[in-house]
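Written out below as structure tokens is the structure these notes cover.
The values are calculated or read from the model by the stated rules, or taken from the named source; none is laboratory data. Predicted model, so just to flag it, every value in this text is computed and none were measured. Backbone-built Cβ (ideal geometry, glycine too); neighbour counts: all protein chains shown.
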Amino acid sequence: MSTHDITLTVDGTTEELTVESRTLLVHALRDELGDTAPNVGCESGKCGACTVELDGDAVKSCTVLAVQADGSSVTTAAGLADGGLDPVQRAFHDEHGLQCGYCTPGMLATTHQLLAENPDPSRAEIRRALKGNVCRCTGYESIVDAVETAAARLRTGDGGGEEPTAGSERAGAPGPGAED
Amino acid sequence: MFPAEFDYERAESVSEALGLLERYADADVEVLAGGHSLVPAMKTEGREPDVVVDLDVPALDAVNALDDRTVVGALTTYATLVDSGTVRGTVPLVAEAASEVGDTQIRNRGTIGGNLAEAHPGADLPAAALASDATVLLRDRDGKREVPATDFFRGGGETAVERDELLTGVRVPYPGDGGFAYARKTHPATGYAMVGVAAVVETEEGTVTAARVAATGAVDRAVRLPSVEDALADEPLDADTVDAAASEARADVDADRLRSDAYASGEFRGELLETYVARALETAADRAAGDTPTR
């Protein structure tokens, strides 16, 4: 067995921790750092409940070794909320895009990548992007509605009404990454 | 679920990786790229290596278009293959097959090198590599070795990669004028292809001058379908030719070799094979005729 000292920047806070080789990123986040937004679902890379953004890419954190993420920046669903719900979270709330909420942190992380790359996705594109995020209770229609609503609000700079300044950095028009 | 304990080594260059493979020559070593085959297998499929060598080699995450071929580094992710204008523009079949892999998150992490080295019998890129007439690039401490895709896959996840070798990339020649397609029946739970068919059909004034058709999922490895290819050769690329070629598909795989598992019977995979050969060829024919945008 080997252990490794790694550095992770999680939701803007840089953390140093020691992990076993076999420690998975999701367990480092939840058990070592107390960042419990990503959930442990299927543990086999299929359900997407553990999805976080790793250097801007949506990844299943149960299928990444923590040591592989050394030096990386992780954004969890909790990190999207900056003093209030961000526009994507607000849209999931408004459109009833969740029921039990277990899959939601992962849905949010993948949605963030989608909308950064494609500010105006079709419903088919939304479904394709969220293929790796499984919801077992509310069904997908309202989730797709939520992503459409979030996309529309982000395009118009409308964060959702109630808290227009929430998540201000992300609430504006998509940055240069949208052209990538 | 945790993997069993192992020692982790990170390699930041090809030579460093090869040095680690040599140093641990007597140990059970796994090479880690994107980890989307290896990590799940270490959790649930009993793969318990002594040492994991993690490839963190920026030079292998690169796409280089040359005069008549594109060289794709082993650590190029599926997402890069899909998004790369170079890949889409020069070897679009590879981009199309990569776009079918798994889901958004898997495409962000999984790599072409890992996919080919893992050689899952239902993986998409082996079929694309075969239909593209690609060559797999290997390195060991003594130098380089090239293996045509047609010699690379040995069945049941075995490949031509020796234990002291590293798969560094894939060389994909540019297809001639004509059409291409990748069509597959996805297993909804596993994300792998139950059957997938990749086709490159080169034409001159509507007549087939060369055809390469390969299937994944049908047997224990991706295979070319020579009877289908022969049925296309020198024929007008029309609906009759496509039908005739697709009807040859089952002749190319011994019925006893068709994969049968909890997801699909061999008999069903045989049915799918013929159907998906036809679908791939129909799309390739449409593209050759200019009826369908290539991307």
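Output yes when any residue across segment B:155-167 is within 26 Å of residue B:246 (Cα to Cα), buried (at least 21 other Cβ atoms within 10 Å of the Cβ), touching a residue at least 40 places away in the same chain (Cβ under 8 Å) and among the aliphatic types (A, V, I, L, M), and no when none is. Walk me through it before giving the result.
Our first condition is that a residue be within 26 Å of residue B:246 (Cα to Cα); within segment B:155-167, this holds for B:155-156.
Filter again for buried (at least 21 other Cβ atoms within 10 Å of the Cβ), leaving none.
Taking every residue of segment B:155-167 in turn, none turns out to be within 26 Å of residue B:246 (Cα to Cα), buried (at least 21 other Cβ atoms within 10 Å of the Cβ), touching a residue at least 40 places away in the same chain (Cβ under 8 Å) and among the aliphatic types (A, V, I, L, M).
Within segment B:52-108, work out how many residues are within 12 Å of chain A (Cβ to nearest Cβ) and in contact with a Leu (Cβ under 9 Å, 6 or more places away or on another chain).
To start, the set of residues in segment B:52-108 that are within 12 Å of chain A (Cβ to nearest Cβ) comprises B:52-56, B:77-80, B:82-85, B:99-108.
Pick out the ones that are also in contact with a Leu (Cβ under 9 Å, 6 or more places away or on another chain) and you get B:52-56, B:78, B:99, B:101, B:103-104, B:107-108.
Number satisfying all stated conditions: 12.
Selection over segment A:110-126 of residues that are among the basic types (Lys, Arg) and within 16 Å of the chain's Cα centre (by Cα) gives a count of 0.
Can you find a residue that is within 7 Å of chain B (Cβ to nearest Cβ), closer than 23 Å to residue B:52 by Cα, of a type in the set (S, T, N, Q) and in contact (Cβ under 8 Å) with a residue 40 or more places away in the chain anywhere in segment A:14-33? Yes: one or more hits.
Rundown of residues vs (1) touching a residue at least 60 places away in the same chain (Cβ under 8 Å); (2) in contact with a Lys or Arg (Cβ under 8 Å, 6 or more places away or on another chain), yes/no style:
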residue: B:54; (1), (2): no, yes
residue: B:62; (1), (2): no, no
residue: B:71; (1), (2): yes, yes
residue: B:86; (1), (2): no, no
residue: B:103; (1), (2): yes, yes
residue: B:116; (1), (2): no, no
residue: B:120; (1), (2): yes, no
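Here is a yes/no grid of residues against (1) at pLDDT below 95; (2) within 13 Å of the chain's Cα centre (by Cα); (3) closer than 21 Å to residue A:148 by Cα:
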| site | (1), (2), (3) |
| --- | --- |
| A:34 | no, no, no |
| A:37 | no, yes, no |
| A:40 | no, no, no |
| A:44 | yes, no, no |
| A:68 | no, no, no |
| A:73 | no, yes, no |
| A:77 | no, yes, yes |
| A:108 | no, yes, yes |
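Just one of the numbered conditions (1) within 14 Å of chain A (Cβ to nearest Cβ); (2) over 22 Å from the mean Cα position of the chain (by Cα) is not true of residue B:208: (1). Look at (1) at the interface with another protein chain (Cβ under 9 Å from one of its Cβ atoms); (2) free of Cβ contacts under 8 Å to residues at least 24 places away in the same chain; (3) closer than 26 Å to residue A:153 by Cα and you find that residue A:55 fails only one, number (1).
The combined condition, being away from chain B (no Cβ under 13 Å), hydroxyl-bearing (Ser, Thr, Tyr) and crowded, with 17+ Cβ neighbours inside 10 Å, is fulfilled by residue A:75.
On the stretch given as segment A:116-137, residues that are closer than 17 Å to residue A:56 by Cα and not polar (S, T, N, Q) total 6.
When residue A:19 is tested against (1) of a type outside the set (Lys, Arg); (2) under 14 Å from residue A:72 (Cβ atoms); (3) in a loop (DSSP other than H, G, I, E, B), only condition (3) is not met.
Each row is one residue, and each column tells you yes or no for (1) among the aliphatic types (A, V, I, L, M); (2) not assigned by TED's automatic domain parsing to the domain that holds residue B:136.
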{"residue": "B:27", "(1), (2)": "yes, yes"}
{"residue": "B:30", "(1), (2)": "no, yes"}
{"residue": "B:36", "(1), (2)": "no, yes"}
{"residue": "B:65", "(1), (2)": "yes, no"}
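Given the options A:91, A:81, name the one that is modelled with pLDDT of 95 or more and of a type in the set (A, V, I, L, M, F, W, C).
Numbers: A:81 fails: modelled with pLDDT of 95 or more.
Being modelled with pLDDT of 95 or more and of a type in the set (A, V, I, L, M, F, W, C) holds for just one of A:91, A:81, which is A:91.
Just one of (1) polar (S, T, N, Q); (2) buried (at least 18 other Cβ atoms within 10 Å of the Cβ); (3) without any contact (Cβ under 8 Å) to a residue 40 or more places away in the chain fails for residue A:149. It is (3). Each residue in segment B:165-205 was checked for being of a type in the set (A, V, I, L, M) and within 14 Å of chain A (Cβ to nearest Cβ), and 1 of them qualify. Annotation: of all residues in segment B:1-19 being closer than 15 Å to residue B:164 by Cβ and aliphatic (A, V, I, L, M), the one that is nearest to the other protein chains (Cβ to nearest Cβ) is B:11. Among the residues making up segment B:1-19, those that are out of contact with any Lys or Arg (no Cβ under 7 Å at 6 or more places or on another chain), assigned to a helix (DSSP H, G or I) and surrounded by fewer than 20 Cβ atoms within 10 Å (Cβ to Cβ) are B:15, B:16, B:19.
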